[in-house]
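Notes to accompany the following structure.
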Amino acid sequence: MASELDAAIIELVIPMRAEYVSIARLTVSGVANRIGFDFDTIEDIKVSLSEVCNRLIGGSARLRLEGRATCRIVFVLSQDNLRIDFFVDGAEGVEGADGAELFSPGGASAADDRFFALGDRLAEADDRLAAADRLGPALISLLMDEFEISPNGRCVVSMKKYL
Amino acid sequence: MLSSGLTIKEQERESSVLIEIGGEVDIFTCQELKDTLYQLVERHGKDLILDCTTLNYIDSTGLGVFVAVLKKVRQIDRQITIENLKESILKLFLITNLDSLFNIRPGDGCGGDNAQ
């Protein structure tokens, strides 16, 4: 079993813009393949990574941070798992730019969204567009083994997938 | 300008419009897909058949577009059929219960009525 001390670390920094999320997906494909995940699991990880990026880009646009903030994605490769940490750089001192609020305005928790997804509320909801907006965190909860929204600090989201 | 990675081809049929969606539907390309599908609904007023044979990736932004377009076609009493989803994408429909909203079929190349 590998510990974090012997884990390899790869970092990727992308602008907070929609056109760069595909580059993050390409990167995580290679990283996950290196660990030995199968094709379907790599697809799950790609979706989860994109969902985080989508939310951070949306949050940055709301706070008008696009021009100054960047998304730093840290891949921690271990023998039996991949951990992905997301940091927002360049937003220090901006009110409301803490991790939880950037990722999930209003403070919806990962647990809430898992419950939300497993219920039939999406299919039954009158306002399905609003419901669709909550799909992202729900998907991450369902596709990754661990998923944590940081209540403070610069690490906004951390998620992990085991082999 | 970065390439969008999304391809959309349409083919009008008697009572439907077949739309081949290829590449990636994500936060960058979802608006293009939404605009195109809205235009097709308005122009033709027919059922939509979305052939996803070459669709390689979709996330919640794309799923949101599908739901929005479904609302629009239902306003004119039409429906959406989604064909040939890759396993990894079908999984997203299943775990979010979106499969209950759409007519999803594996697609056998016949364009027929034999839903799964």
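The rows are residues; the columns are (1) under 12 Å from the mean Cα position of the chain (by Cα); (2) exposed (fewer than 14 other Cβ atoms within 10 Å of the Cβ); (3) more than 11 Å from chain A (Cβ to nearest Cβ); (4) at pLDDT 95 or above.
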position: B:Thr81; (1), (2), (3), (4): yes, no, yes, yes
position: B:Leu85; (1), (2), (3), (4): yes, no, yes, yes
position: B:Ser88; (1), (2), (3), (4): no, no, no, no
position: B:Leu94; (1), (2), (3), (4): no, yes, no, no
position: B:Asn103; (1), (2), (3), (4): yes, no, yes, no
position: B:Asp108; (1), (2), (3), (4): no, yes, yes, no
From the options A:Ile84, A:Ile14, A:Ile10, residue that is among the β-branched types (Val, Ile, Thr) and either part of a helix (DSSP H, G or I) or surrounded by 22 or more Cβ atoms within 10 Å (Cβ to Cβ) (or both): A:Ile84
In the stretch B:1-35, residues that are part of a helix (DSSP H, G or I) and buried (at least 17 other Cβ atoms within 10 Å of the Cβ) total 3
Per the filter on the stretch A:122-158, residues among the polar types (S, T, N, Q), assigned to a loop (DSSP other than H, G, I, E, B) and either buried (at least 16 other Cβ atoms within 10 Å of the Cβ) or modelled with pLDDT of 80 or more (or both) are A:Ser150
Would the stretch A:59-67 turn up any residue that is within 14 Å of chain B (Cβ to nearest Cβ), farther than 23 Å from B:Leu85 by Cβ and of a type in the set (Asp, Glu)? yes
Being among the acidic types (Asp, Glu) and modelled with pLDDT under 90 is the filter here; which residues of the stretch A:2-38 pass it? A:Glu4, A:Asp6
With respect to the numbered conditions (1) more than 13 Å from chain B (Cβ to nearest Cβ); (2) closer than 26 Å to A:Arg134 by Cβ; (3) without any contact (Cβ under 8 Å) to a residue 12 or more places away in the chain, which one is the sole condition not fulfilled by A:Gly30? (2)
Counting only residues that are of a type in the set (A, V, I, L, M) and modelled with pLDDT of 90 or more, which one in the stretch A:51-104 is nearest to B:Gly64 (Cα to Cα)? A:Val52
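The values are calculated or read from the model by the stated rules, or taken from the named source; none is laboratory data. Keep in mind that this is a model prediction, so the values were computed, not measured. Methodologically, a virtual Cβ is constructed for each residue, glycine included, from the backbone with ideal geometry; neighbour enumeration extends over all protein chains shown.
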